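**Q** Right, I'll just put the structure down here and ask away after.
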Amino acid sequence: MESRTPDWLNFLERRLRWLAIPNIAVLFVTMQAAGYLFVTMDARWIERLALLPDRVLMEGEFWRLLTFLSLPLSLSPIWVIFVLWFLYFILNTIEDQWGAFKTTLYVLVSVLLMVVFSLVTGYPITNIAGFESTLFLAAATLFPEFEVRLFLLLPVKMKWLAWLTAFFVVIQVMQGGWLDRAFLLAIYSNYVLFFGPVFLSRVRQARRRARFRRQMGE
């Protein structure tokens, strides 16, 4: 998806360039790999890594504000290889298009929204599949026609996987409670923040083109 970088992002990049984390994919893959090893050795590590608001606020376990990102996306020894590769691929794809700062900001906004929501509402975070899906949706929006090897074998365009992801999100919204729905809204609001203006611009351009064609036909 070709789009002009919003002015507010350019402003932040000029002021906060030091926030950029080059090759952020390596950081997240390392955290995921470490989390997988800890949990497979002792399942109690899921509880130790999870973001449990009462433990943070009442017992001062502030490390949970970061360690929840190590909660493994898969516990299958075979599937985890694909998961780690895919996580590395989508983050690198985003960074190749956006650069280190914008990619880092996208990740940080998503993480911050999850943390704030958890601390304010008391909602525990024991799974980060939603966070991973926001990364994938960003990559799929930037490169909808790019083909990936699903399960390392089946070629599928990113846009179709994005639609499948959106379908499962809708299912989660329909089946979850109100707090679960609010959490999903918090997770995906960063995607809306970064890509909403682009889609809105496309709608406006489509309307202008349609109005122009109507005027030419009169």
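**Q** Along Cα→Cβ, 7 Å out, is where each label goes; now give me the distance between the ones at Leu112 and Met58 in nm to one decimal.
**A** 2.9
**Q** Follow-up question, since we're still on this one. Starting at the first residue of region 167-182, write each ³J(HN,Hα) from the Karplus equation 6.51 cos²θ - 1.76 cosθ + 1.60 with θ = phi - 60°, in whole Hz, x for Gly and Pro.
**A** Here the 3J(HN,Hα) series is 4, 5, 5, 4, 4, 4, 5, 5, 8, x, x, 5, 5, 4, 5, 5 Hz.
**Q** How much length would be gained if the chain were fully extended between Thr126 and Lys159, taking 0.36 nm per residue of separation minus their Cα-Cα distance, in nm to one decimal?
**A** 9.1 nm
**Q** Between Arg14 and Phe82, what is the label-to-label distance in nm when each label sits 7 Å out along the Cα-to-Cβ direction?
**A** 4.6
**Q** Right, here's the next one. Answer with a single label: of (i) -0.61, -1.10, -1.23; (ii) -0.50, -0.98, -1.13; (iii) -0.66, -0.98, -1.06, which was calculated as log10 I(q)/I(0) by the Debye sum over Cα atoms at q = 0.11, 0.15, 0.16 Å⁻¹ from the structure in view?
**A** Matching entry in (i) -0.61, -1.10, -1.23; (ii) -0.50, -0.98, -1.13; (iii) -0.66, -0.98, -1.06: (i).
**Q** Would you mind checking which residues have amide H under 5 Å from Ile21's amide H? H placed 1.01 Å from N; only 5 or more apart, or other chain.
**A** Hits under the 5 Å cutoff: Thr104.
**Q** ³J(HN,Hα) across region 184-196 via Karplus (A = 6.51, B = -1.76, C = 1.60, θ = phi - 60°), whole Hz, x for Gly/Pro?
**A** 4, 4, 5, 4, 8, 5, 5, 5, 5, 4, 7, 10, x
**Q** Residue-wise, which Karplus ³J(HN,Hα) couplings in Hz belong to region 107-117, taking 6.51 cos²θ - 1.76 cosθ + 1.60, θ = phi - 60°, and x for glycine or proline?
**A** Result, rounded to whole Hz: 5, 5, 4, 4, 5, 4, 4, 5, 5, 4, 4.
**Q** Something else: Using helices alone, I'd like the mean residue ellipticity at 222 nm for the chain: each DSSP H run of four-plus residues gives -39500 (n - 2.57), total over residue count, nearest 500.
**A** Helices in the chain give a 222 nm mean residue ellipticity of -24000 deg cm²/dmol.
**Q** Multiply the residue separation of Ala182 and Ala100 by 0.36 nm, subtract the distance between their alpha-carbon atoms, and state the gained length in nm to one decimal.
**A** 26.6 nm
**Q** Counting other C-beta atoms within 10 Å, and keeping those with at most 15, which DSSP coil GluC sites (Glu not before Pro) do you find in region 71-153?
**A** Passing sites in region 71-153 are Glu145.
**Q** Same structure again: Once R0 is set to 22 Å, what does the formula 1/(1 + (r/R0)^6) return for the Cβ-Cβ distance between Val192 and Leu75, expressed as a FRET efficiency to the nearest 0.05?
**A** Computed FRET efficiency for Val192 and Leu75: 0.10.
Only the coordinates and a few stated rules stand behind these numbers; no lab work does. Owing to the predicted nature of the structure, the values given are computational and were not obtained by experimental measurement. No Cβ is skipped: glycine too gets one built from the backbone with ideal geometry, and neighbour counts run over all protein chains shown.
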